[in-house]
Amino acid sequence: MTDTPTGMDQIKDRLLDAALLHVPFDGWSEAAFRAAMSDTGIEPQMARAACPRGAVDLAVAYHLRGDAEMVRRMHRTDLTDMRIRDKVGLAIRYRIEAAEDKELVRRGATLFALPQHAAEGSRLVWGTADRIWTLLGDTSEDVNWYTKRASLSAVYGSTVLYWLGDETPGEQATWEFLDRRIGNVMDFEKAKAQLRKNPLFKPFLAGPDFLARQIRPPHARPRHRMPGWLSPRTE
């Protein structure tokens, strides 16, 4: 695998840069895509080859560009003495700040709320959560791989929606909202840990805990392309 941009990637980047001027008015639509082709002078055949779904592919590329910018900023930040909750909060803040224009995100939310694109939108949010946990060195090899990303997806998604309506200076209300949401998740994790330590509940948790330990993330065996798989531990 390589991250070196291909010719098609470069065409898509040019189309995306041009489309960003039109999306606030036309949405991630065919009109915006055609305007991008006109502005860049890229032949329709080449544009369609790079973006078979037109503006939908540009909306996906815009989201992934934001993910990449978040990763770059995190790599430039000294995280040595930060708590895990602060690292997560900072990553989400960087990811939201990478969007810059709320109208572009609002138009994207509208697009991915459509039934035919909802699965794509969920995949993108999950991918953002996965990039954050991977960046922070998550080594989960059981059901925790999924629960961490599911929780973070919910936190990220709700914070983005709050940010879209936030008119406070510097989006201060959004960052306070984010801190509360992360606090809720941490409190839940603490409660789970305390429950497991309680000897009264251990007999009831033995079965569910055993099953949870058998679940593996997709990367555990590259040849499997399912969301997860079950296999008894051998150790």
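The values are calculated or read from the model by the stated rules, or taken from the named source; none is laboratory data. Computed from a prediction, not measured in an experiment: that's the story for all the values here. Backbone-built Cβ (ideal geometry, glycine too); neighbour counts: all protein chains shown. Ligands, DNA and RNA are excluded from the accessible area calculation, which covers all protein heavy atoms including side chains. Shrake-Rupley method; radii C 1.70, N 1.55, O 1.52, S 1.80 Å.
Before moving on, here are some points about what is shown:
- The HN-Hα couplings worked out from phi for segment 142-147 by the Karplus form 6.51 cos²θ - 1.76 cosθ + 1.60 (θ = phi - 60°) are 9, 4, 4, 4, 7, 5 Hz, whole numbers, x standing for Gly and Pro.
- Taking label points 7 Å from Cα along the Cα-to-Cβ direction, residue 20 and residue 86 give a separation of 3.1 nm.
- A Förster distance of 22 Å, applied to the separation of the beta-carbon atoms of residue 9 and residue 116, puts the FRET efficiency at 0.30.
- Computed E for residue 164/residue 185 - FRET, C-beta separation, R0 30 angstrom, nearest 0.05: 0.90
- Histogram of C-alpha separations across segment 1-50, 10 Å bin width, %: 29, 51, 18, 3
- Carbon + sulfur, % of accessible area of segment 34-93 - ligands and nucleic acids excluded, 1.4 Å: 51
- Projected label distance in nm at residue 154 and residue 172, using a 7 Å step from Cα toward the beta-carbon: 3.0
- Virtual paramagnetic centre 7 Å along Cα→Cβ of residue 76, amide N under 16 Å, in segment 93-110: 93-100
- Whole-percent carbon and sulfur share, accessible surface of segment 94-194, 1.4 Å: 57
- The spacing between segment 160-181 and segment 19-80, judged by their C-alpha centroids, is 25 Å.
- Rolling a 1.4 Å probe across the protein heavy atoms gives segment 1-56 an accessible surface of 59 Å² per residue.
- Two-site label geometry, residue 134 and residue 69: point separation in nm, points 7 Å out along Cα→Cβ: 2.0
- Only aspartates and glutamates eight or more places from residue 148 in sequence, or on another chain, were considered; those with a Cα closer than 19 Å are 67, 86, 130, 138, 179, 187, 189, 209.
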